[in-house]
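Here is the structure we will look at.
The values are calculated or read from the model by the stated rules, or taken from the named source; none is laboratory data. Just so you know, these numbers come straight off a predicted model, no measurement behind them. All Cβ positions, glycine included, derive from the backbone under ideal geometry; neighbour counts span all protein chains shown.
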Amino acid sequence: MLATRITIPQNFFMDNVRFHHSIEVRQALESRGHRILFLPPYSPQLNPIELLFSKWKSIIKSRMVIFDGNTLLATISEASTQISRSDCEGWIRESTRFASKALQREHFI
């Protein structure tokens, strides 16, 4: 788990997927001094990983083949190499822009 490798307490922004609310996740983070903050429901624009997943799925779907288990895993792996550092930095900027609007109670959808 990422939290076990981070020695300085951090804020963890999480979506509302069920397991993020589990006692195990809460204990793993809070026992190391981390703080958990949950995003509002249905706000993928505040979560850069959702933007990454969107591009990743789009690349995989663009292959338009019938996958067996091995082909699918290979395609997932290959598609991940097409996501650049620049992409990730852009998604973080975009999410930060939306977060600023949300904090100012502006509409951002």
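For the list (1) under 15 Å from the mean Cα position of the chain (by Cα); (2) surrounded by 11 or more Cβ atoms within 10 Å (Cβ to Cβ), I need the number of the one condition that residue 102 fails.
For residue 102, the exception is condition (1).
Can you tell me which residues in region 53-103 are at pLDDT 95 or above and not in a helix (DSSP H, G or I)?
Those that are at pLDDT 95 or above and not in a helix (DSSP H, G or I): 81, 82, 83, 84.
Can you work out which of the residues in region 1-52 that are aromatic (Phe, Trp, Tyr) and within 26 Å of residue 90 (Cα to Cα) is modelled with the lowest pLDDT?
First, pick out the residues of region 1-52 that are aromatic (Phe, Trp, Tyr): 12-13, 19, 38, 42.
Checking which are within 26 Å of residue 90 (Cα to Cα) leaves us with 12-13, 38, 42.
Working: 12: 90, 13: 90, 38: 93, 42: 87.
Out of the qualifying residues, it is 42.
How many residues does region 10-44 contain that are assigned to a loop (DSSP other than H, G, I, E, B) and either under 22 Å from residue 96 (Cβ atoms) or under 13 Å from the mean Cα position of the chain (by Cα) (or both)?
Keep residues of region 10-44 that are assigned to a loop (DSSP other than H, G, I, E, B), which gives 10, 15-17, 22, 31-34, 39-43.
Narrowing the set further to residues that are either under 22 Å from residue 96 (Cβ atoms) or under 13 Å from the mean Cα position of the chain (by Cα) (or both) leaves 10, 15-17, 34, 39-43.
Looking only at that region, the number is 10.
Can you tell me which residue is surrounded by the fewest Cβ atoms within 10 Å (Cβ to Cβ) among those in region 24-43 that are more than 24 Å from residue 7 (Cβ to Cβ) and touching a residue at least 24 places away in the same chain (Cβ under 8 Å)?
Going through region 24-43, the residues more than 24 Å from residue 7 (Cβ to Cβ) turn out to be 39-43.
Among the residues that remain, those that are also touching a residue at least 24 places away in the same chain (Cβ under 8 Å) are: 39-41, 43.
Numbers: 39: 19, 40: 9, 41: 7, 43: 17.
Ranking the qualifying residues of region 24-43, first place goes to 41.
Mind checking which pairs have a first residue in region 45-74 that is touching a residue at least 40 places away in the same chain (Cβ under 8 Å) and a second that is surrounded by 12 or more Cβ atoms within 10 Å (Cβ to Cβ) and not in a helix (DSSP H, G or I), Cβ under 8 Å, 6 or more apart or different chains?
If the second residue must be surrounded by 12 or more Cβ atoms within 10 Å (Cβ to Cβ) and not in a helix (DSSP H, G or I), the pairs left are 45/108; 46/13; 46/39; 47/13; 47/15; 47/39.
Name the single residue that is surrounded by the most Cβ atoms within 10 Å (Cβ to Cβ) among those in region 55-79 being under 14 Å from the mean Cα position of the chain (by Cα) and not aromatic (Phe, Trp, Tyr).
Kept after step one, since they are under 14 Å from the mean Cα position of the chain (by Cα), are these residues of region 55-79: 55-57.
Keeping just the survivors that are not aromatic (Phe, Trp, Tyr) gives 55, 57.
Working: 55: 16, 57: 12.
Out of the qualifying residues, it is 55.
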